[in-house]
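Notes for the one structure printed next.
The values are calculated or read from the model by the stated rules, or taken from the named source; none is laboratory data. In this text the structure is predicted, and so the values were computed from the model without any measurement. In this analysis, Cβ positions are derived from the backbone assuming ideal geometry, glycine residues included, and neighbour counts consider all displayed protein chains.
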Amino acid sequence: MNYAKTNACAICGEGRPGIGTFFLLAENRWEDKLTILQWNEQMALRDGIQAACSVNHVEEMVIHWMTTGSLAHPFARTVLGSSGSRRIAEANARVDLTGARPISELAVHRESLERILAEGPQSLQVILNALVEALRRETADSENGVSASEEVRKKLCEAWLKP
């Protein structure tokens, strides 16, 4: 299996280099949920998982998911020179997230979201801003060699051990 092609960003088609932060996205259409995951080589190979090479591309995919209800991005180029798109899970299938570390999860009520998009889409900016901030923190933490959950656990332990 060609990892450079399989582990490419769903938006720009850039392959995952040895360094840099990539993210994974998985949708659960049955529950209208989108989960953003920390990069995991084995997880990236599963059907229904999409890769994104940057916070901006995650944001673009989230916006697309919110507006269409699908991660199947119409302009995605995951395999350069290929007309096919990435492996999308079937509509009722649940993506196996066993062993994954979620960074964030969005769950929406599709009918309410459609109304919000029609009446005042700018109100969703608060959600996008919070998501982007969490992803940027995750990126900074991973560059420092510490995951966000490890940092929280460390602070909790320190607080508990204080006299």
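What number of residues within the stretch 26-66 satisfy the criterion of being under 22 Å from LEU124 (Cα atoms), part of a helix (DSSP H, G or I) and among the charged types (D, E, K, R)?
2
Show the residue pairs meeting these rules: Cβ distance below 9 Å; 6+ apart or different chains; first residue within the stretch 112-129 and on the phi < 0 side of the Ramachandran plot; second residue among the small types (Gly, Ala, Ser) and surrounded by 10 or more Cβ atoms within 10 Å (Cβ to Cβ).
From residues that are on the phi < 0 side of the Ramachandran plot, the pairs are LEU113/GLY69; ILE116/SER123.
So which residues in the stretch 80-108 are in a strand (DSSP E or B) and either small (Gly, Ala, Ser) or modelled with pLDDT under 80 (or both), if there are any at all?
SER104, ALA107
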